[in-house]
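Undergrad: A single structure is presented below for examination.
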Amino acid sequence: MSAATDRKAGTSDAAPPHMQAHGAMITVGDVDNERNGFDPTSMLTDWDLGTVSTLPDGRRLRTFEVEVEDKEIEIAPGVMFPAWTFNGRVPGPSLRAMEGERLRIILRNYGSHPHSMHFHGIHAARMDGIPGAGVINPGEEFVYEFDARPFGCHLYHCHALPLARHIHKGMYGLFVIDPDPELRPEFRDVALTRLHGSPENARWQELAMVMNAFDTNFDGENEFYACNTIAHCYAKKPIRIEKSRPVRIYLANLTEFDPINSFHIHGNFFDYFDQGTTLTPTLKTVDLIMQCQAQRGILEFTFGEHADHEPGLYMFHAHQSEFTELGWMGMFDVVEEVA
Ligand SMILES: [Cu+2]
(Lines give C-alpha, C1' and ligand atoms only; values in the text may rest on other atoms or scores of the structure.)
Protein backbone atom coordinates (compact mmCIF):
# COMPACT_ATOMS: atom_id res chain seq x y z
CA MET A 1 0.00 0.00 0.00
CA SER A 2 1.46 3.38 -1.00
CA ALA A 3 1.79 6.28 1.38
CA ALA A 4 -0.65 8.23 -0.75
CA THR A 5 -3.32 5.56 -0.41
CA ASP A 6 -2.62 5.39 3.28
CA ARG A 7 -3.13 9.09 3.76
CA LYS A 8 -6.28 9.03 1.68
CA ALA A 9 -7.76 6.17 3.64
CA GLY A 10 -6.69 7.79 6.91
CA THR A 11 -8.31 11.10 5.95
CA SER A 12 -11.53 9.39 5.05
CA ASP A 13 -11.70 7.33 8.23
CA ALA A 14 -10.89 10.31 10.39
CA ALA A 15 -13.27 12.70 8.65
CA PRO A 16 -14.37 14.99 11.43
CA PRO A 17 -17.99 15.58 12.27
CA HIS A 18 -19.26 18.80 10.70
CA MET A 19 -18.89 20.88 13.82
CA GLN A 20 -15.18 20.20 14.07
CA ALA A 21 -14.57 21.96 10.78
CA HIS A 22 -14.10 25.18 12.79
CA GLY A 23 -12.21 23.31 15.48
CA ALA A 24 -13.81 23.04 18.89
CA MET A 25 -14.37 26.79 19.03
CA ILE A 26 -17.82 26.67 20.55
CA THR A 27 -19.13 26.57 24.08
CA VAL A 28 -19.05 23.25 25.97
CA GLY A 29 -22.21 21.75 27.41
CA ASP A 30 -25.84 22.82 27.22
CA VAL A 31 -27.92 25.64 28.58
CA ASP A 32 -30.94 24.65 30.66
CA ASN A 33 -33.74 26.08 28.50
CA GLU A 34 -36.37 24.86 30.92
CA ARG A 35 -34.90 26.76 33.84
CA ASN A 36 -34.57 29.85 31.61
CA GLY A 37 -38.22 29.49 30.65
CA PHE A 38 -37.48 30.08 26.98
CA ASP A 39 -35.98 28.05 24.17
CA PRO A 40 -34.07 29.71 21.32
CA THR A 41 -35.50 27.25 18.78
CA SER A 42 -39.12 28.03 19.72
CA MET A 43 -38.27 31.75 19.81
CA LEU A 44 -37.66 31.67 16.07
CA THR A 45 -41.35 31.20 15.38
CA ASP A 46 -43.35 32.00 18.54
CA TRP A 47 -44.88 35.31 17.44
CA ASP A 48 -46.99 37.08 20.06
CA LEU A 49 -50.16 38.05 18.19
CA GLY A 50 -51.89 39.48 21.27
CA THR A 51 -55.68 39.32 21.45
CA VAL A 52 -57.92 40.81 18.79
CA SER A 53 -61.23 42.59 19.34
CA THR A 54 -63.37 45.14 17.49
CA LEU A 55 -63.64 48.81 18.45
CA PRO A 56 -67.04 50.62 18.38
CA ASP A 57 -66.06 52.23 15.05
CA GLY A 58 -65.44 48.80 13.54
CA ARG A 59 -61.66 48.99 13.57
CA ARG A 60 -59.59 46.08 14.79
CA LEU A 61 -57.94 46.45 18.19
CA ARG A 62 -54.97 44.28 19.06
CA THR A 63 -53.95 44.12 22.73
CA PHE A 64 -50.64 42.88 24.07
CA GLU A 65 -49.80 42.30 27.73
CA VAL A 66 -46.21 42.60 28.83
CA GLU A 67 -44.72 42.15 32.29
CA VAL A 68 -41.30 43.23 33.46
CA GLU A 69 -39.45 40.83 35.71
CA ASP A 70 -35.89 40.67 37.09
CA LYS A 71 -34.58 37.23 36.21
CA GLU A 72 -31.29 35.37 36.18
CA ILE A 73 -30.84 33.67 32.84
CA GLU A 74 -28.21 31.25 31.56
CA ILE A 75 -26.68 32.76 28.40
CA ALA A 76 -23.95 30.14 27.84
CA PRO A 77 -23.47 26.80 29.60
CA GLY A 78 -22.89 27.59 33.27
CA VAL A 79 -22.83 31.37 32.74
CA MET A 80 -25.64 33.20 34.50
CA PHE A 81 -26.62 36.78 33.73
CA PRO A 82 -28.84 39.01 35.91
CA ALA A 83 -31.30 40.09 33.22
CA TRP A 84 -34.24 42.47 33.25
CA THR A 85 -36.88 40.84 31.07
CA PHE A 86 -40.10 41.46 29.20
CA ASN A 87 -42.35 38.43 29.83
CA GLY A 88 -39.50 36.49 31.39
CA ARG A 89 -37.40 36.17 28.25
CA VAL A 90 -34.55 37.79 26.35
CA PRO A 91 -35.26 38.97 23.74
CA GLY A 92 -38.79 39.91 24.83
CA PRO A 93 -41.84 38.62 22.94
CA SER A 94 -41.85 39.12 19.16
CA LEU A 95 -44.95 41.29 18.83
CA ARG A 96 -46.73 41.10 15.49
CA ALA A 97 -49.64 43.11 14.12
CA MET A 98 -51.14 44.26 10.83
CA GLU A 99 -50.83 47.73 9.34
CA GLY A 100 -53.77 49.97 10.30
CA GLU A 101 -54.85 48.15 13.43
CA ARG A 102 -55.17 50.02 16.71
CA LEU A 103 -52.61 48.67 19.16
CA ARG A 104 -52.85 48.66 22.93
CA ILE A 105 -49.84 47.45 24.92
CA ILE A 106 -50.38 47.02 28.65
CA LEU A 107 -47.05 47.15 30.49
CA ARG A 108 -46.83 46.08 34.14
CA ASN A 109 -43.59 46.63 36.00
CA TYR A 110 -42.82 43.85 38.49
CA GLY A 111 -39.11 44.61 38.32
CA SER A 112 -36.90 46.49 40.75
CA HIS A 113 -36.26 49.58 38.58
CA PRO A 114 -38.29 52.05 36.51
CA HIS A 115 -38.84 50.78 32.95
CA SER A 116 -40.74 51.51 29.75
CA MET A 117 -41.48 50.25 26.27
CA HIS A 118 -40.32 52.61 23.57
CA PHE A 119 -41.66 51.53 20.19
CA HIS A 120 -40.06 52.37 16.88
CA GLY A 121 -43.16 53.46 14.99
CA ILE A 122 -45.46 56.42 14.46
CA HIS A 123 -47.15 57.60 17.66
CA ALA A 124 -47.91 60.54 19.98
CA ALA A 125 -45.22 62.07 22.21
CA ARG A 126 -46.97 60.89 25.37
CA MET A 127 -46.84 57.29 24.06
CA ASP A 128 -43.09 57.40 23.43
CA GLY A 129 -41.88 55.45 26.46
CA ILE A 130 -39.22 58.00 27.45
CA PRO A 131 -38.80 59.60 30.89
CA GLY A 132 -41.95 61.65 31.52
CA ALA A 133 -43.95 59.76 28.90
CA GLY A 134 -44.51 56.15 29.84
CA VAL A 135 -41.57 55.24 32.08
CA ILE A 136 -43.15 53.55 35.09
CA ASN A 137 -41.96 52.70 38.58
CA PRO A 138 -41.99 49.20 40.10
CA GLY A 139 -45.58 48.19 40.82
CA GLU A 140 -47.06 50.55 38.22
CA GLU A 141 -48.88 49.94 34.95
CA PHE A 142 -48.99 51.94 31.72
CA VAL A 143 -51.02 51.49 28.56
CA TYR A 144 -49.41 52.52 25.28
CA GLU A 145 -51.84 53.06 22.44
CA PHE A 146 -51.26 53.93 18.80
CA ASP A 147 -51.92 52.78 15.25
CA ALA A 148 -49.80 50.03 13.71
CA ARG A 149 -47.73 51.93 11.16
CA PRO A 150 -45.66 51.98 9.08
CA PHE A 151 -45.51 48.32 8.07
CA GLY A 152 -42.08 46.83 8.50
CA CYS A 153 -39.65 45.05 10.75
CA HIS A 154 -39.37 47.23 13.84
CA LEU A 155 -38.44 46.87 17.49
CA TYR A 156 -39.18 48.07 20.97
CA HIS A 157 -36.87 48.58 23.90
CA CYS A 158 -36.86 50.07 27.35
CA HIS A 159 -35.98 53.78 27.26
CA ALA A 160 -35.38 54.34 30.99
CA LEU A 161 -32.02 55.83 31.92
CA PRO A 162 -29.20 55.00 31.75
CA LEU A 163 -30.21 53.69 28.35
CA ALA A 164 -27.18 51.46 27.76
CA ARG A 165 -27.77 49.63 31.02
CA HIS A 166 -31.46 48.98 30.39
CA ILE A 167 -30.84 47.76 26.85
CA HIS A 168 -27.88 45.56 27.70
CA LYS A 169 -29.88 43.94 30.54
CA GLY A 170 -32.14 42.42 27.86
CA MET A 171 -35.06 44.84 27.54
CA TYR A 172 -35.87 44.67 23.83
CA GLY A 173 -37.75 42.69 21.23
CA LEU A 174 -39.05 42.58 17.66
CA PHE A 175 -42.14 44.58 16.67
CA VAL A 176 -43.31 43.45 13.23
CA ILE A 177 -46.12 45.14 11.34
CA ASP A 178 -47.38 43.21 8.32
CA PRO A 179 -48.49 45.24 5.28
CA ASP A 180 -52.20 45.45 4.46
CA PRO A 181 -52.36 43.93 0.94
CA GLU A 182 -55.58 45.81 0.11
CA LEU A 183 -53.87 49.17 0.63
CA ARG A 184 -51.26 48.54 -2.04
CA PRO A 185 -52.85 46.83 -5.05
CA GLU A 186 -49.70 47.09 -7.18
CA PHE A 187 -47.82 44.90 -4.68
CA ARG A 188 -50.76 42.88 -3.40
CA ASP A 189 -49.19 39.46 -4.07
CA VAL A 190 -45.95 40.36 -2.30
CA ALA A 191 -47.79 41.92 0.62
CA LEU A 192 -49.88 38.77 1.00
CA THR A 193 -46.74 36.69 1.51
CA ARG A 194 -45.86 38.94 4.45
CA LEU A 195 -49.29 38.78 6.05
CA HIS A 196 -49.13 36.36 8.96
CA GLY A 197 -51.85 33.68 8.72
CA SER A 198 -52.49 34.03 4.97
CA PRO A 199 -52.08 30.93 2.76
CA GLU A 200 -49.44 32.87 0.78
CA ASN A 201 -47.53 33.47 4.02
CA ALA A 202 -47.76 29.83 5.09
CA ARG A 203 -45.42 28.84 2.24
CA TRP A 204 -42.64 30.89 3.82
CA GLN A 205 -40.35 29.73 6.59
CA GLU A 206 -40.23 32.82 8.80
CA LEU A 207 -37.67 33.26 11.56
CA ALA A 208 -37.36 35.90 14.28
CA MET A 209 -33.75 36.73 15.11
CA VAL A 210 -32.30 39.32 17.46
CA MET A 211 -28.55 39.81 17.56
CA ASN A 212 -27.45 40.53 21.12
CA ALA A 213 -24.54 40.31 23.51
CA PHE A 214 -23.81 40.22 27.23
CA ASP A 215 -21.29 41.94 29.45
CA THR A 216 -20.96 39.35 32.19
CA ASN A 217 -18.28 41.15 34.23
CA PHE A 218 -19.73 44.67 33.87
CA ASP A 219 -16.63 46.26 32.36
CA GLY A 220 -18.57 47.88 29.53
CA GLU A 221 -17.52 45.24 26.99
CA ASN A 222 -19.26 42.07 25.89
CA GLU A 223 -18.04 38.60 26.81
CA PHE A 224 -20.72 36.66 24.90
CA TYR A 225 -22.44 37.28 21.58
CA ALA A 226 -25.45 35.48 20.17
CA CYS A 227 -28.40 35.40 17.91
CA ASN A 228 -31.38 35.10 20.31
CA THR A 229 -29.31 35.23 23.51
CA ILE A 230 -27.83 31.74 23.91
CA ALA A 231 -24.23 31.54 22.67
CA HIS A 232 -23.86 29.05 19.79
CA CYS A 233 -27.41 27.72 20.27
CA TYR A 234 -28.03 27.20 16.55
CA ALA A 235 -24.57 25.72 16.04
CA LYS A 236 -25.48 22.96 18.48
CA LYS A 237 -29.06 22.66 17.30
CA PRO A 238 -29.17 23.74 13.65
CA ILE A 239 -32.29 25.44 12.28
CA ARG A 240 -34.08 23.07 9.94
CA ILE A 241 -34.94 24.63 6.60
CA GLU A 242 -37.01 22.95 3.91
CA LYS A 243 -35.20 23.25 0.60
CA SER A 244 -38.20 23.93 -1.62
CA ARG A 245 -39.67 26.77 0.47
CA PRO A 246 -38.43 30.37 0.77
CA VAL A 247 -36.98 31.70 4.02
CA ARG A 248 -37.67 35.12 5.53
CA ILE A 249 -35.70 36.36 8.52
CA TYR A 250 -36.85 39.30 10.65
CA LEU A 251 -33.51 40.49 12.00
CA ALA A 252 -32.73 43.24 14.51
CA ASN A 253 -29.51 44.30 16.21
CA LEU A 254 -29.77 45.08 19.92
CA THR A 255 -26.10 44.67 20.73
CA GLU A 256 -24.90 47.18 23.32
CA PHE A 257 -21.32 48.50 23.61
CA ASP A 258 -20.24 47.49 20.07
CA PRO A 259 -21.20 50.00 17.35
CA ILE A 260 -22.25 47.45 14.73
CA ASN A 261 -23.20 43.85 14.22
CA SER A 262 -23.62 41.88 10.99
CA PHE A 263 -25.22 38.85 9.38
CA HIS A 264 -23.48 36.66 6.83
CA ILE A 265 -24.78 33.48 5.21
CA HIS A 266 -22.66 30.72 3.68
CA GLY A 267 -23.25 29.21 0.26
CA ASN A 268 -26.10 31.53 -0.65
CA PHE A 269 -27.15 35.16 -1.18
CA PHE A 270 -30.24 37.03 -0.03
CA ASP A 271 -32.36 40.07 -0.78
CA TYR A 272 -32.55 42.64 2.01
CA PHE A 273 -35.32 45.05 2.97
CA ASP A 274 -33.85 47.69 5.28
CA GLN A 275 -36.32 48.27 8.17
CA GLY A 276 -38.82 46.18 6.18
CA THR A 277 -40.77 49.26 5.10
CA THR A 278 -40.67 48.49 1.37
CA LEU A 279 -41.98 45.58 -0.67
CA THR A 280 -39.08 45.69 -3.10
CA PRO A 281 -35.58 44.95 -1.79
CA THR A 282 -33.31 47.80 -0.77
CA LEU A 283 -30.31 45.54 -1.43
CA LYS A 284 -30.38 42.73 -3.96
CA THR A 285 -28.16 39.65 -3.98
CA VAL A 286 -25.89 40.18 -0.99
CA ASP A 287 -24.46 37.68 1.48
CA LEU A 288 -23.60 40.18 4.21
CA ILE A 289 -25.36 43.11 5.82
CA MET A 290 -24.42 45.38 8.70
CA GLN A 291 -26.74 46.84 11.31
CA CYS A 292 -26.03 49.53 13.91
CA GLN A 293 -27.92 49.30 17.20
CA ALA A 294 -31.72 49.28 16.62
CA GLN A 295 -31.25 48.84 12.89
CA ARG A 296 -33.24 45.95 11.52
CA GLY A 297 -34.50 44.47 8.31
CA ILE A 298 -35.89 41.50 6.44
CA LEU A 299 -33.73 38.90 4.67
CA GLU A 300 -35.23 36.66 1.99
CA PHE A 301 -33.57 33.67 0.38
CA THR A 302 -34.14 30.11 -0.71
CA PHE A 303 -31.97 27.06 -1.02
CA GLY A 304 -34.29 25.48 -3.57
CA GLU A 305 -33.43 27.52 -6.65
CA HIS A 306 -29.82 26.49 -6.99
CA ALA A 307 -28.76 23.10 -8.36
CA ASP A 308 -25.62 23.10 -6.19
CA HIS A 309 -27.58 23.30 -2.97
CA GLU A 310 -27.42 19.75 -1.76
CA PRO A 311 -29.03 19.10 1.62
CA GLY A 312 -26.61 19.78 4.45
CA LEU A 313 -25.40 22.29 6.97
CA TYR A 314 -24.98 25.91 5.88
CA MET A 315 -23.39 28.27 8.36
CA PHE A 316 -24.53 31.80 9.25
CA HIS A 317 -22.79 34.22 11.59
CA ALA A 318 -21.66 37.75 12.33
CA HIS A 319 -18.68 38.57 10.15
CA GLN A 320 -16.77 40.11 13.00
CA SER A 321 -14.67 37.03 13.78
CA GLU A 322 -14.57 37.96 17.47
CA PHE A 323 -18.38 37.87 17.70
CA THR A 324 -18.49 34.55 15.82
CA GLU A 325 -16.08 32.87 18.18
CA LEU A 326 -17.75 34.30 21.27
CA GLY A 327 -21.12 32.79 20.37
CA TRP A 328 -22.74 34.44 17.34
CA MET A 329 -22.62 31.55 14.87
CA GLY A 330 -25.25 29.04 13.81
CA MET A 331 -26.21 26.51 11.14
CA PHE A 332 -29.11 25.99 8.78
CA ASP A 333 -29.84 22.31 8.30
CA VAL A 334 -31.19 22.31 4.76
CA VAL A 335 -33.34 19.24 4.16
CA GLU A 336 -35.51 18.02 1.27
CA GLU A 337 -38.57 17.91 3.47
CA VAL A 338 -39.33 18.55 7.12
CA ALA A 339 -40.74 15.32 8.48
CU1 LIG B 1 -35.64 49.37 31.70
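Undergrad: Within the set of pairs 6 or more residues apart or between chains, which connect a residue that is free of Cβ contacts under 8 Å to residues at least 12 places away in the same chain and under 15 Å from ASN217 (Cβ atoms) inside the stretch 72-84 to a residue that is more than 15 Å from the ligand (Cβ to nearest atom) and part of a strand (DSSP E or B) with Cβ atoms less than 6 Å apart?
TA: MET80/GLU72; MET80/GLU74
Undergrad: Check the stretch 211-220 and report whether any residue there is in contact (Cβ under 8 Å) with a residue 60 or more places away in the chain, more than 16 Å from the ligand (Cβ to nearest atom), among the polar types (S, T, N, Q) and farther than 19 Å from PHE263 by Cα.
TA: Yes.
Undergrad: Let me ask something additional. Could you go through the stretch 107-114 and let me know if any residue there is away from the ligand (no atom under 15 Å from the Cβ), more than 13 Å from ASN36 (Cα to Cα) and modelled with pLDDT of 95 or more.
TA: No, that holds for no residue.
Undergrad: Counting only residues that are among the aliphatic types (A, V, I, L, M) and more than 24 Å from GLY276 (Cβ to Cβ), which one in the stretch 154-179 is farthest from the ligand (Cβ to nearest atom)?
TA: By that ranking, first place goes to ALA164.
Undergrad: Is at least one residue of the stretch 232-241 within 16 Å of the ligand (Cβ to nearest atom) and more than 24 Å from THR280 (Cα to Cα)?
TA: No: the stretch 232-241 contains no residue that is within 16 Å of the ligand (Cβ to nearest atom) and more than 24 Å from THR280 (Cα to Cα).
Undergrad: A further question on this structure: Between THR285, THR324, which is at pLDDT below 95 and not in a loop (DSSP other than H, G, I, E, B)?
TA: THR324 is the lone residue from the list that is at pLDDT below 95 and not in a loop (DSSP other than H, G, I, E, B).
Undergrad: Give all pairs with beta carbons closer than 7 Å in which a residue from the stretch 153-167 that is under 22 Å from SER94 (Cβ atoms) and of a type in the set (Gly, Ala, Ser) meets a residue that is part of a strand (DSSP E or B) and near the ligand (Cβ under 8 Å from one of its atoms); count only pairs at least 6 apart in sequence or on separate chains.
TA: ALA160/HIS115
Undergrad: All but one of (1) in a strand (DSSP E or B); (2) surrounded by fewer than 18 Cβ atoms within 10 Å (Cβ to Cβ); (3) touching a Pro at 6+ places or on another chain (Cβ under 6 Å) hold for MET290, so report the exception by its number.
TA: Of everything listed in (1) in a strand (DSSP E or B); (2) surrounded by fewer than 18 Cβ atoms within 10 Å (Cβ to Cβ); (3) touching a Pro at 6+ places or on another chain (Cβ under 6 Å), MET290 misses just condition (3).
Undergrad: Filter the stretch 180-199 down to the residues that are outside any helix (DSSP H, G or I) and free of Cβ contacts under 8 Å to residues at least 40 places away in the same chain, then identify the one that is nearest to the ligand (Cβ to nearest atom).
TA: Per the stated criteria, the residue is GLY197.
Undergrad: Please verify whether VAL79 is at pLDDT 95 or above, surrounded by 13 or more Cβ atoms within 10 Å (Cβ to Cβ), over 20 Å from the mean Cα position of the chain (by Cα) and of a type outside the set (Phe, Trp, Tyr), treating the condition exactly as stated.
TA: Considered against the rule, which asks whether it is at pLDDT 95 or above, surrounded by 13 or more Cβ atoms within 10 Å (Cβ to Cβ), over 20 Å from the mean Cα position of the chain (by Cα) and of a type outside the set (Phe, Trp, Tyr), VAL79 comes out as yes.
Undergrad: Can you tell me which of ARG188, ARG194, ARG149 is surrounded by 22 or more Cβ atoms within 10 Å (Cβ to Cβ) and basic (Lys, Arg)?
TA: Checking each option against the conditions leaves just ARG194.
Undergrad: Does any residue of the stretch 120-136 turn out to be crowded, with 22+ Cβ neighbours inside 10 Å, more than 14 Å from the ligand (Cβ to nearest atom) and modelled with pLDDT of 95 or more?
TA: No.
Undergrad: Now, a different point. For GLU140, indicate whether it is more than 11 Å from the ligand (Cβ to nearest atom), acidic (Asp, Glu) and surrounded by fewer than 16 Cβ atoms within 10 Å (Cβ to Cβ).
TA: yes
Undergrad: Still on this structure, please answer the following. Here's a check for you: in the stretch 1-31, which residue that is in contact with a strand residue (DSSP E or B) (Cβ under 9 Å, 6 or more places away or on another chain), surrounded by 11 or more Cβ atoms within 10 Å (Cβ to Cβ) and outside any helix (DSSP H, G or I) is modelled with the highest pLDDT?
TA: VAL31
Undergrad: Look through THR255, THR229 and report the one residue that is polar (S, T, N, Q), buried (at least 22 other Cβ atoms within 10 Å of the Cβ), assigned to a loop (DSSP other than H, G, I, E, B) and in contact with a helix residue (DSSP H, G or I) (Cβ under 7 Å, 6 or more places away or on another chain).
TA: Residue meeting the stated conditions: THR229.
The values are calculated or read from the model by the stated rules, or taken from the named source; none is laboratory data. Worth saying up front: this structure is predicted, and the values here are computed from it rather than measured. Quick reminder, even Gly has a Cβ in these numbers, built from the backbone with ideal geometry, and neighbours come from all protein chains shown.
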